[in-house]
1. Probe radius 1.4 Å, ligands and nucleic acids ignored: give me the carbon and sulfur share of the accessible area of the range 216-317 as a rounded percent.
2. Among (1) 30; (2) 43; (3) 37, only one was calculated for this model; which label is it, if the read-out is percent of Cα pairs over 38 Å apart?
3. If you take the charge dipole of the chain about its Cα centre, with +1 on Lys and Arg Cβ and -1 on Asp and Glu Cβ, which of Leu553, Ser603, Tyr256 is farthest toward its positive end?
4. Does the range 253-327 come out rounded, prolate or oblate by the C-alpha gyration tensor, with a ≥ b ≥ c the root eigenvalues, rounded set by a/c under 1.5 and, if not, prolate when a/b is larger than b/c and oblate if not?
5. Report, to the nearest 10°, how far helix 494-515 tilts away from the longest principal axis of the Cα atoms in the chain, using its own Cα long axis and a range of 0 to 90°.
6. Heavy-atom accessible area per residue, the chain, 1.4 Å probe: how many Å²?
7. Compare the Cα positions of Tyr362, Ala325, Gln349 along the charge dipole of the range 280-418 (+1 at Cβ of Lys, Arg; -1 at Cβ of Asp, Glu; about the Cα centre) and return the one farthest towards the positive end.
8. Relative to the longest principal Cα axis of the chain, at what angle does helix 138-159 sit, 0 to 90 degrees, rounded to 10?
Amino acid sequence: MSEATYNLNLPNSHGVVIGDRNQITLNFLELSPDYQALMDRIEDKKSLVELQTDPSKKSKTAEELQQLETQLEQFKENIFRLYELFSKIEINTERLRQAKNYFDQGQFREADAILQAEEMVKDLNKLLQKDQQLDQQKAEVRANREQIANEFLIKAQLWATFYEQSNRFEQTCEYFAESLRALKTTDNLFAYAVFLQEHNQFDQANLYYTEALEIYRNLGDLPLVATMLNNLAVLHSDKNEMAIAEQEYQEALQIYRELAVENPRSFLQYVAGTLNNLAILHKNKNEMAIALAEYQEALQITRALAVENPRFFLQYVAGTLNNLAILHHNKNEMAISEQEYQEALQIYQKLAVENPRSFLYYVASTLNNLAILHQRKNEMVIAEQEYQEALQIRRELAVENPRSFLPDVAKTLNNLANLHSDTNERLIAEQEYQEALQIYRELVVENPRSFLPDVAKTLNNLAVLHSDKNERLIAEQEYQEALEIYRELVVENPRSFLPYVALTLNNLAILHQNQNKNEIVIALAEYQEALQIYQELAVENPRSFLPYVATTLNNLAILHHNKNEIAIAEQEYQEALLIRRELAVDNPRSFLPDVANTLINLSIFYLQVKPDPEKALAQEVIEIAQQFPDLPSVQQYAEAARAVLQAISER
């Protein structure tokens, strides 16, 4: 499931843009030949859609029309960004004056042509040489460097709008780099960091955010310090560096709360955004009560803000509802979760009608999350429809911006494959896993740190599928490759990836346990290594890792039972049951199903090894199942418990 984390825009501490955003943008667009040409293409497509009678051609033309309309929304957004940038920087060179004049007349490509890279590079190199030779002219040179940095910054932002260019990303990065080479400013550091983060270049983005943060700390600009901290925390969370992320979120939240006391209209939205991000982190650490309180405070703030300004703040209401739904899903509170997802989806769909470029992404994410919920409730037809709709949206977004949206295509393919595997449509599932794996392998070439975990995860899923198909050799190769990747990642970041080493060891142990008696020794070693990892992790973070300790003990008990080591198996079952009972005290909705799982395993175990087993364990399973009528897995435990009771009665 995907949650909405929010990068926060820079508060404009140097002045505000006067006037309506849409009207400002329209004033420039009406003068632009590019805009007029694009509008003409849209009108032509609309006419063609109306005239076509062939359904297939009509559908294809409609898709082309949607792409043009998406491009139009992006065009408008980038022009407004350029307007803001021109309004903010000092226009004190002839090139910038000419570029701005062309921009004001809507002649954007003419503005780009004025900013000749070769000419600016020559000027920059001359100035850098002069800077080294003539200390007395440092101040003048620095000012000129800043001017050229701004010129390259404008050029980089202009190139960010040229979506039809195949080298758009590389060329934009080159112009950002030239801007930084001219002079590092908070403007170009922040702008480049945002651009890189949007394109999943996390390590480089981290460097530039950190530099900007240091500058803002020295300036004592608290709003911008908090903004950098929040964005760094989002980035560290994406990199699974949770302790660093939490410290950054907490510092940012403290700053925003203090600022909101004096100026709630400006800063309450940032309080809510940071609370939301902190809640995601605490949820991932299984600190559900803390996460719930943070989400609810964030939702209360955003609902209040949306009353005054629904157009802007409804999106944040929907984002927080989506995240609350994920939390309630994890707590097995399915009805509440579904209501929150549906409200979030309804908001996003309405917003996407007016601005598809901005909000179709969130429509797809919420559909994906709803599908996961319906799949868990065994409502497979509904789940598949939602996955397919989410996949279609994400494929369309990836056509225009593959760097940003291909990871989401792969994620949805993975989820669809899981569903098709559950419905025994294994050929379809394998095709979807393979396509997801191919996408991740291609992404890894450019950004291994971000996407190697996804390669390993997909290999794990493929291995489970091949194991179910009795293709054990292929499954073992995939598990081993996944394990090798996770072990390499652990060297640099053990806190984040040791859990995945343990998970893959557990899966390998299941495979070896089911192959033949000769490999039970291997399986035992893998289970024991996994258990040791989980136990060590649980010392520092018991809420997150005790559930996995219990699961591994449960699996070990099955193995020892099969080896007829009855005493060891019973001890492991009992220890797993004790852990799960303790977890269920604080969080019954999340952990009572696991209690029922161990209870039914113990019931069957005692039925097989004791002449006169008690009925109490099986009866407790049935009692637990009554609390979870919409969870198929728990109902299956209850069915097995009734069979155990029947067998005991017949003795």
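1. Solvent-exposed carbon and sulfur of the range 216-317 make up 53 percent of the total.
2. (2)
3. Final value for the positive-end residue is Tyr256.
4. Note, shape of the range 253-327 comes out oblate.
5. For helix 494-515, the angle is close to 40 degrees.
6. 47
7. Tyr362
8. Tilt relative to the chain: about 60 degrees.
The values are calculated or read from the model by the stated rules, or taken from the named source; none is laboratory data. Source: prediction; values computed, not measured. When we count neighbours, we look across all protein chains shown, and the Cβ atoms used for this are built from the backbone with ideal geometry, even at glycine. Remember, those area values only see protein heavy atoms, side chains included, never the ligands or the DNA or RNA. Shrake-Rupley method; radii C 1.70, N 1.55, O 1.52, S 1.80 Å.
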